[in-house]
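Here the structure comes first, spelled out in structure tokens, and everything after it is commentary.
The values are calculated or read from the model by the stated rules, or taken from the named source; none is laboratory data. Remember, predicted model here, so these are calculated numbers, not experimental data. Don't worry about glycine lacking a Cβ; one is built from the backbone with ideal geometry, like all the others, and counts go over all protein chains shown. Ligands, DNA and RNA are stripped out before the accessible areas are found, and what is left, the full protein with its side chains, is counted by its heavy atoms. Shrake-Rupley method; radii C 1.70, N 1.55, O 1.52, S 1.80 Å.
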Amino acid sequence: MGDMANNSVAYSSVKNAVKEANHGDFGVTLAELRSLMELRAADALHKIQECYGDVHGICTKLKTSPNEGLSGNPADIERREAVFGKNFIPPKKPKTFLQLVWEALQDVTLIILEIAAVVSLGLSFYQPPGGNESLCGSVNVGEEEEESEAGWIEGAAILLSVVCVVLVTAFNDWSKEKQFRGLQSRIEQEQKFTVIRGGQVIQIPVADIIVGDIAQVKYGDLLPADGILIQGNDLKIDESSLTGESDHVKKSLDRDPMLLSGTHVMEGSGRMVVTAVGVNSQTGIIFTLLGAGGDEEEKEKEKEKKEKKNGAVENRNKAKAQDGAAMEMQPLKSEDGGDGDEKDKKKANLPKKEKSVLQGKLTKLAVQIGKAGLLMSAITVIILVLYFVIDTFWVQKRPWLAECTPIYIQYFVKFFIIGVTVLVVAVPEGLPLAVTISLAYSVKKMMKDNNLVRHLDACETMGNATAICSDKTGTLTMNRMTVVQAYINEKHYKKIPEPEAIPEKTMAYLVTGISVNCAYTSKILPPEKEGGLPRHVGNKTECALLGLLLDLKRDYQDVRNEIPEEDLYKVYTFNSVRKSMSTVLKNSDGSFRIFSKGASEIVLKKCFKILSANGEPKVFRPRDRDDIVKTVIEPMASEGLRTICLAFRDFPAGEPEPEWDNENDIVTGLTCIAVVGIEDPVRPEVPDAIKKCQRAGITVRMVTGDNINTARAIALKCGILNPGEDFLCLEGKDFNRRIRNEKGEIEQERIDKIWPKLRVLARSSPTDKHTLVKGIIDSTVFDQRQVVAVTGDGTNDGPALKKADVGFAMGIAGTDVAKEASDIILTDDNFTSIVKAVMWGRNVYDSISKFLQFQLTVNVVAVIVAFTGACITQDSPLKAVQMLWVNLIMDTLASLALATEPPTEALLLRKPYGRNKPLISRTMMKNILGHAFYQLVVVFTLLFAGEKIFDIDSGRNAPLHAPPSEHYTIVFNTFVMMQLFNEINARKIHGERNVFEGIFNNAIFCSIVLGTFVVQIIIVQFGGKPFSCSELTIEQWLWSIFLGMGTLLWGQLISTIPTSRLKFLKEAGHGTQKEEIPEEELAEDVEEIDHAERELRRGQILWFRGLNRIQTQMDVVNAFQSGSTIQGALRRQPSIASQHHDIRVVNAFRSSLYEGLEKPETRSSIHNFMTHPEFRIEDSEPHIPLIDDTDAEDDAPTKRNSSPPPSPNRNNNAVDSGIHLTTDKNKSATSSSPGSPLHSLETSL
């Protein structure tokens, strides 16, 4: 990292030389700051002391105040931006329209057509030298002059239609990329950060942060710029995205004050002065280096392109690749660019993201159809050529004359063009397009429904969801907490008491304890509108406590002004292991007082005294504790209240100062001040949404950190549980006891016994959430694999969000880390938005099916007509240009029309399709074949008897350059009319009768059908020679339209035939089944591959073999026996931000493992716990807080300021157990022992 940083200095110092000459009147230059930020820990401290004295010295030189921040006046901000740069990394240029056109031209069928057209053009201009043309077989030489001039038209028309197709494709790609960039910029704008300006704490967009700003950092933040710590509480940072080291780095003024952009705050809070932004920050420097390596990336992309533009996923990757650098330092994109010297090298090796289920099914189907089309077209050409050759040279016994060669070649070219047309019609190029349009359209509309989709395919996966594991706080409830009951001085108040009722002493403890021991970022602001509710800022539980003080007519702000944050002696911030938060104050006489608050059961266990009725402490025995639990805590919880216990402890002045790092000795022997019950009302619209989910075959489970009574009460209110049903509500430790065997390992069979009935998991830790999600996904109890959606908001929810098929992060309450691990962000944190996402997901699936039903009908008919026509009459009844027009209707326009149908509530009345359901159901197969039959009958009748019916000249056996005949024009016109009306039939795929239902809700559909009709009239009436059409009379038009409308009536007939009778119909378009993938690929690829791509992946497989060797300790076989499936085991790419640590890390990442505390030393307790399950928490062993635990999400008396889980790993890159396997020699023995967490969480390889 160091030398990389150095050459980056060399690289950019040239650029900055100009700026430095004019570094304003700051006491420090850009270059000095940059070189300072490249140092770590001790070196950095030494340098700061040597050059600046301390951090305050740097603040002085940067003309900023550590407490007040910058003044925020515009002139000052501009000057700083001029000298130190903006917090913005310029994006890579998007592809130009011409590049996209060039890419669209790479399509094989189009190339074949272009060649054919050019040859045909060339031959039409070539006049064979004299000679007796009648010798050259049955070439009727009619209207010779006019003909030779018109001969070029067909070639030109084909070229023109190719141009049309290419432009449409390119325009689609271009608009898609534009949408993608729009989405990214929207995500960027939503990314805000807290800074202090003019003494006020304000939130500004990340791009507006400038050098000299004082930024507040807290649990869950992703740092947007480099800075130096001014003040910190218990601050721990995950720097793995920059260094690859998974251990969390403790940051403090005396050890390591350097904070780097792109790293995650995993615990604690603090303030920093910003010293480098944008391209000068550590992440920015790496980006500039990557930018320099842009050319290699271009080559990479070219390679990827050739793998056939495959719908949404690939296009997304494409867009990502270009978006690599378009990163404002905001986290949500560290997907596409983190930092990394090895990014270029690795990018070639890391396999592309696994295709989504739909994508896989479609690719497979398209390949199958394409092969069939190729076969048909080849047969067509061969038959035509043989017929011609036999007829001319054998039956008519003509010699091959030299001067006739060009004419024969012209015939052959004509046959070749007919063959290509068959192929063009057979290959459904519209499929990827339909998926892309459908997904892009849905994503755009889902924005309005408060779903910000970050991964396109998440939208479609959501339609298959069978289970939703939801948080309680904020998702099902309103997240507006208020204290409604309290137990103070041995009295249970059912509503908040009057201030006079509470003894002065108790009141003093309450006021100081709550004011100081809540994060200073949590506060209550006056309402925005008159008569509105006061605004809660920061952690909602803490706001409820502050609100209690306001109800008691006391002001917390006075206490905070008296004791500013930097005077707090020590803070133990909240995290999901502690389940509590404690703050130490040093009194003037040298004594210490610690205030603690947290989940009532946990804090009460540590209380040895309690304030009596007169406010004096009295002894508090375990017996009294059980009484309080029974008489106070359980009644509160059964009403759905969350209970929080407040306590304190004094350390007298005379004694030696306690060992502050030894937390268990400090936070014990407490005196209980009060227990309060906090209410969080259920959102009014949630019960209805949950009913819809249950009707749609989706099980909703609640996973919360609250205690079981509260959780059960809320679950009843929401309708997750209904009275009298036989469902399980478990606590985390109970759940763990049931799923682990004697050795403490998790067993899939045990999980399978529990999860089908489990509805509420209370007091659960993030690990439990991850275990549950993984258990449900890996389960084989039902024949369909479960598709699980998970909601999360805390940093520690990251692993579960990544493991789930679809992760929903909360847009309002969620931390940056959670948002980054997610697929969809709920901008209003509301459960009903998830139901909307399900509706859109099912709609995408149905849209694709509608399109397929339409497309395949046309395919079948067009191919058979062209094939038989060519074989019987030596000429395809549908000409190349006409075929291209039909192709345009079928592909591009139909995909637009059918893929943009808005969803209806009816979608929620059926069960999910499941992952293995074929794209084309029996009903659809019946529709396709039935309509194809009708259309073929009509077309062949017209083709072979049309001239008699309409009393016109026959168009069959026309000479080479004959003018277009009315006969064939009628065939073509009727064919197109049937497609138009069949497009209306295709709107329903489940055999519904009314195909017009809701047709006017879709403006796009109506306008496309009308538009196509108008264009068809123009083509037929005025298309003439290029389109091989001749004008038709009104009567002929009416017949064409009448025959077209027949498809609607015929459709009614088809839907009366019960599908159950038609056993012989096969379904088509299954996904890739697990069995079809060779064993070694299962083991090594970690990803589902689809057939079309498998051939392209041999090299990558070899690379993975290398990985596998390193990974032998992770005993892949073992993981397999434990029954994990690879289908979707890893739906999401780990962020590139981390793709360049060692391979070990890459691999460890992959196996979404999640366990173990930060350092090997502290980790041992978990190992013991796993290996000796007889440790039970009841014996109040405070040092094993593993199971009795909750999610920071819930009992988070300070979530924002709080800190994360044992091994919180953003994006699972800090997969400790995985990494330590290969890094810590001293520990490797424990790691692979059967009891280790690694072993118990079978890796999902």
### Query
So which of Phe981, Phe996, Phe975 ends up being out of contact with any Leu (no Cβ under 8 Å at 6 or more places or on another chain) and aromatic (Phe, Trp, Tyr)?
Phe996
### Task
Sort through Leu908, Leu898, Leu893, Leu888 and tell me the only one that's within 14 Å of Phe1005 (Cα to Cα) and surrounded by fewer than 21 Cβ atoms within 10 Å (Cβ to Cβ).
Leu893
### Query
Restricting attention to region 633-650, does a residue exist that is more than 30 Å from Thr477 (Cα to Cα) and in contact with a Pro (Cβ under 7 Å, 6 or more places away or on another chain)?
no
### Task
Read through the list (1) open to solvent by less than 20 Å² (accessible area, probe 1.4 Å); (2) part of a loop (DSSP other than H, G, I, E, B), then give the number of the only condition that Ser515 fails.
(2)
### Query
Which one is nearest to Gln1052 (Cα to Cα) among residues in region 976-1009 that are open to solvent by 10 Å² or more (accessible area, probe 1.4 Å) and among the small types (Gly, Ala, Ser)?
Gly991
#### Entry: Output for region 675-701, where each listed residue is at pLDDT 90 or above and closer than 16 Å to Ala637 by Cα
Val675, Val676, Gly677, Ile678
## Note on the structure
With criteria (1) at pLDDT 90 or above; (2) surrounded by 13 or more Cβ atoms within 10 Å (Cβ to Cβ); (3) farther than 18 Å from Lys540 by Cβ, Thr631 comes up short on (2)
### Task
Return yes or no: is Ser921 open to solvent by less than 30 Å² (accessible area, probe 1.4 Å), farther than 30 Å from Ile690 by Cα and among the hydroxyl-bearing types (Ser, Thr, Tyr)?
no
### Task
Could you list all residues from region 776-817 that are assigned to a helix (DSSP H, G or I) and surrounded by fewer than 24 Cβ atoms within 10 Å (Cβ to Cβ)?
Ile777, Asp778, Asp816
### Message
Quick check on region 550-567. Is at least one of its residues within 23 Å of Ile673 (Cβ to Cβ) and in contact with an Asp or Glu (Cβ under 8 Å, 6 or more places away or on another chain)?
### Response
no
### Query
Can you name the condition, by its number, that Ile488 falls short on among (1) in contact with a strand residue (DSSP E or B) (Cβ under 7 Å, 6 or more places away or on another chain); (2) closer than 28 Å to Asn67 by Cα?
(2)
### Any pair with Cβ under 7 angstrom, 6 or more apart, that starts in region 47-61 at a residue that is among the aromatic types (Phe, Trp, Tyr) and ends at one that is modelled with pLDDT under 85 and open to solvent by 20 Å² or more (accessible area, probe 1.4 Å)
none
### Summary
So the helices (runs of 4 or more DSSP H) completely within region 356-463 holding 3 or more residues that are modelled with pLDDT of 75 or more and within 25 Å of the chain's Cα centre (by Cα) are 357-389, 430-448, 456-462
### Query
Just to be sure, is Tyr569 open to solvent by 50 Å² or more (accessible area, probe 1.4 Å), within 25 Å of Asn664 (Cα to Cα) and under 44 Å from the mean Cα position of the chain (by Cα)?
yes
### Message
On the basis of being touching a helix residue (DSSP H, G or I) at 6+ places or on another chain (Cβ under 9 Å) and open to solvent by 10 Å² or more (accessible area, probe 1.4 Å), does Arg712 make the cut?
### Response
yes
### Query
Is it fair to say Tyr913 is touching a residue at least 40 places away in the same chain (Cβ under 8 Å), aromatic (Phe, Trp, Tyr) and in a loop (DSSP other than H, G, I, E, B)?
yes
### Message
When you check Arg701 against the structure, is it in a helix (DSSP H, G or I) and either of a type outside the set (Asp, Glu) or buried (at least 21 other Cβ atoms within 10 Å of the Cβ) (or both), yes or no?
### Response
no
### Task
Report, by residue number, each residue of region 864-883 that is assigned to a helix (DSSP H, G or I) and surrounded by 22 or more Cβ atoms within 10 Å (Cβ to Cβ).
Val865, Ala866, Gly869, Ala870, Ala880, Val881, Gln882, Met883
### Message
Would you confirm, using the coordinates I've provided, whether Thr969 is touching a residue at least 24 places away in the same chain (Cβ under 8 Å) and over 44 Å from the mean Cα position of the chain (by Cα)?
### Response
yes
### Query
So which pairs qualify, if the first residue must be in region 731-744 and open to solvent by 10 Å² or more (accessible area, probe 1.4 Å), the second must be modelled with pLDDT of 90 or more and not in a helix (DSSP H, G or I), the Cβ gap must be under 9 Å, and the two must be at least 6 apart or on different chains?
Glu731/Leu761; Glu731/Ala762; Arg738/Leu730
## Note on the structure
In region 464-489, residues that are hydroxyl-bearing (Ser, Thr, Tyr) and assigned to a strand (DSSP E or B) total 4
### Task
Examine region 759-771 for a residue that is among the basic types (Lys, Arg), open to solvent by 20 Å² or more (accessible area, probe 1.4 Å) and either modelled with pLDDT under 90 or assigned to a helix (DSSP H, G or I) (or both), and state whether such a residue exists.
no
